[in-house]
Amino acid sequence: MESSILESIGVEIIGVMSPVSICMFLVVLLVYSLSSSNPFSPSSVDNSIRTAANLVYVENPSDSASQKLEGALLNALVFIILIAIVTFLLVLLYYYNFTNFLKNYMRFSAFFVLGTMGGSICLSVIQKFSIPVDSMTCFVLLFNFTIVGVLSVFSGGIPILMRQVYMVSLGIIVAAWFTKLPEWTTWVLLVALAVYDLVAVLAPGGPLKLLVELASSRDEELPALVYEARPTVARAGHGGASPLGLLVTGVSDSSSIELQAVSRDIVNRNENDGPRNSEYSAVPIGNFENEEAHSNRDEGERSPLVGNSREGQSSSSDSSQYSTLVLPTSQDRQFGGRESEIVDEEMSPLVEMIGLGDEREQARRGGVEIADRGIKLGLGDFVFYSVLVGRAAMYDLMTVYACYLAIISGLGCTLILLSVCRQALPALPISIALGVIFYFLTRLLMEPFIVGTATNLMMF
Amino acid sequence: MTVAAGIGYVLLALGPSLSLFVSVISKKPFLILTVLSSTLLWLISLIVLSAIWRGFLPLKTAAWWPYGILILTSVAFQEGLRLLFWKIYKRLEDILDAFADRVSKPRLFLTDKMQIALAGGLGHGVAHAVFFCLSLLTPAFGPATYFVDSCSQIPFFLISAMIAFAFVTIHTFSMVIAFNGYGEGNKVDQYIVPSAHLVAGMVTLVNLAPGGCTVGIPLLYFVAILTLIHAGKMVWRRLTENQSR
């Protein structure tokens, strides 16, 4: 029996959603296990944290609501301004071709995040569960973990799976750190970031838009930390390539497959997130990412994991095979003769971390782009989705599920929009808006209802 | 030990759905998306319902009839939503078929359609279990348990997990029945689904009476088993008809 189209539709979407889900799940687990056991820790931890995200105002539980709101707004404002400045700085550096500097800076940031923030989280986990481990062993393990992480984030020759794992763990670490921010500041910050994201990616002259355009005009990778949803298993024929387009076409019902493929390629999303560590991840589509050098490196790495059984085009590299997934017409049109390069580029990781001067402030920029082969999501999206869910986890499990569903559906909407519009889209606004709305609806409306009926053992 | 108990409750409520998810749904990305969207739809329905009922809760009276009205409205609303879900699915099916033609793949098989229905139902069921049972389970991981007055024989968490499991079964398979009923225009199947849902909801009212859960839960499982048997028979009939053709 021939395989039905059900198996090929939505592969890309799931490819993005599953790491996001994993990231959120682990953050929730971390928040739960770390917060529930030490009754005294929340307050002490909160007080001890002093970051760019609460420079102006330190929330005190005894403050009045208006005080908290005012302080939170100020915090968010300062933080957004900082992020904007850093983003412009990044664009400037990139404009003047300080690419190596940027990359090394991101390497340093990755090292720092994994080593110190990851280390402190690791330490609290060890304390919490009383894991018997001596400091030397712990240090050596942490050091190895960090070094491999730094290498995997930037250089080729590392399996894509490893890179994805490190991307997710970076997201987890930063998000877990951010969940220690006080409550009001977190919510206001999330909303402010979503708005900033919207402006920076879509408004003319927005820093992320500039960055993406610059990168695409230079045919280079976007210098940012980006999660690539590269499939580890190749799908046969066009089926693999078309899922997202399919959904879209279904909606518009008019475009041909080639158009779908094209539109998919073009879409980019950039997002900025930056709490304390704001790291911008940009996700370029294949076009933007083309760098030949990278492509070469990536090929090697890619081939084993991707394991395409299909015949690609004549070129030997696996990457070319990916490009073939798209209908030939679309490839020719878009990529012209460069197919193999393009493919490579797309696959090459665009990971840069931009750290801000402060240890704690690193900006990650993430954008989401869809290439033939998959979608890329900025690491910042990972972080802030997880921050939202982690914050919800501090209230109740019910809000966690509601927020998770809202964020995932927002992500799905964004992905569909991505294939409709042909430009980089911010991934934060829809998801964060839905997540915040659902959080408060659940908390204010649904919980009393559910608790009231369920404790009477009535269900329907 | 408490963690083990908590995980046990979760698996009691969601274990079968989990295995269904792993064995059938997770291999087909589109089905995962269907599960997610139907879960979201159910969540939205719950939020709307709770918004409507927010003003009247908590009910002060010990009488059972306000709860009866509550369940009646909720079931009616959710069955209306099921119709909406079917309409959306109908459009989606056309789109999928059109797409399949375009990429010269076979159209949706009967089993595909049934799997989509199953995924939709599973989404509803999982949402039910998650919000009515799992979200209240947090204390179960701690070092204590909780009993309610009306059913003092077994812990509250265990009862709610059992009820949730029955409802997961009902929701999951009644969606398959409903979709087939709508597709074939079979009136019996169309009416059996809301009535099973309503009966199941009303049966939980028995739990209000002291010691009622010893009666209510077996009744609930009876409804669940009936739904299951009906769904199984119907799917079997469709499949054999389909093959003989």
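The values are calculated or read from the model by the stated rules, or taken from the named source; none is laboratory data. Since the model is a prediction, treat every value here as computed from it, not as a measurement. Positions of Cβ are generated from backbone atoms using ideal geometry, with glycine treated the same way; all protein chains shown enter the neighbour counts. Each accessible area value is taken on the protein alone, full model and side chains, heavy atoms only, with ligands, DNA and RNA left out. Shrake-Rupley method; radii C 1.70, N 1.55, O 1.52, S 1.80 Å.
If the requirement is being modelled with pLDDT of 90 or more and not charged (D, E, K, R), which of these qualifies: B:A166, B:A196?
B:A166
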Against the definition (surrounded by fewer than 24 Cβ atoms within 10 Å (Cβ to Cβ) and not in a helix (DSSP H, G or I)), how does B:T145 come out, yes or no?
yes
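Residue-by-condition table, conditions (1) in contact (Cβ under 8 Å) with a residue 12 or more places away in the chain; (2) surrounded by 21 or more Cβ atoms within 10 Å (Cβ to Cβ); (3) away from chain A (no Cβ under 11 Å):
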{"position": "B:L72", "(1), (2), (3)": "yes, no, no"}
{"position": "B:Q78", "(1), (2), (3)": "yes, yes, no"}
{"position": "B:E93", "(1), (2), (3)": "yes, no, no"}
{"position": "B:F109", "(1), (2), (3)": "no, no, no"}
{"position": "B:L118", "(1), (2), (3)": "yes, yes, yes"}
{"position": "B:V126", "(1), (2), (3)": "yes, yes, no"}
Odd one out for A:F25, checked against (1) under 30 Å from B:P139 (Cβ atoms); (2) part of a helix (DSSP H, G or I); (3) at pLDDT below 80:
(3)
Pairs where the first residue, in the range A:98-118, is closer than 19 Å to A:V165 by Cα and the second is among the acidic types (D, E) and open to solvent by 10 Å² or more (accessible area, probe 1.4 Å), C-beta under 7 Å, 6+ apart:
A:F112/A:E359
Taking the condition of a type in the set (K, R) and in contact (Cβ under 8 Å) with a residue 60 or more places away in the chain, does A:R443 pass?
no
Can you confirm whether B:R102 is of a type in the set (K, R), at pLDDT 80 or above and closer than 19 Å to B:A166 by Cβ?
no
Across the range A:98-128, what is the total count of residues that are of a type in the set (A, V, I, L, M, F, W, C) and buried (at least 16 other Cβ atoms within 10 Å of the Cβ)?
10
Let me confirm something: among A:M458, A:M394, which residue is touching a residue at least 12 places away in the same chain (Cβ under 8 Å) and more than 15 Å from the chain's Cα centre (by Cα)?
A:M394
Return the pair list, or none, for Cβ contacts closer than 9 Å from residues in the range B:1-23 that are part of a helix (DSSP H, G or I) to residues that are open to solvent by 60 Å² or more (accessible area, probe 1.4 Å) and small (G, A, S), at least 6 apart or on different chains.
B:T2/B:A144
Does B:F179 satisfy the criteria of being part of a helix (DSSP H, G or I) and buried (at least 21 other Cβ atoms within 10 Å of the Cβ)?
yes
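Please go through the range A:143-177 and pick out each residue that is of a type outside the set (G, A, S), under 22 Å from A:N104 (Cβ atoms) and open to solvent by 40 Å² or more (accessible area, probe 1.4 Å).
The answer is A:F143, A:N144, A:F145, A:I147, A:V148, A:L151, A:M162.
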Exactly one of B:A76, B:A51, B:A98, B:A63 is among the hydrophobic types (A, V, I, L, M, F, W, C) and not in a helix (DSSP H, G or I), and that residue is B:A63
Restricting the range A:402-439 to residues that are open to solvent by 20 Å² or more (accessible area, probe 1.4 Å) and farther than 17 Å from A:F384 by Cβ, which is nearest to the other protein chains (Cβ to nearest Cβ)?
A:I416
Please indicate, with yes or no, whether at least one residue in the range A:130-140 is part of a helix (DSSP H, G or I) and touching a residue at least 24 places away in the same chain (Cβ under 8 Å).
no
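Conditions tested, residue by residue: (1) within 13 Å of chain A (Cβ to nearest Cβ); (2) modelled with pLDDT of 90 or more; (3) surrounded by fewer than 20 Cβ atoms within 10 Å (Cβ to Cβ); (4) closer than 30 Å to B:K87 by Cβ.
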site: B:T172; (1), (2), (3), (4): no, yes, no, yes
site: B:E184; (1), (2), (3), (4): no, no, yes, yes
site: B:C213; (1), (2), (3), (4): yes, no, no, no
site: B:I217; (1), (2), (3), (4): yes, no, no, no
Only one of these is open to solvent by less than 20 Å² (accessible area, probe 1.4 Å) and closer than 19 Å to A:P426 by Cα: A:L189, A:L181, A:L210. Name it.
A:L189
Note on the range B:95-107: residues open to solvent by 20 Å² or more (accessible area, probe 1.4 Å), within 7 Å of chain A (Cβ to nearest Cβ) and aliphatic (A, V, I, L, M) are B:I95
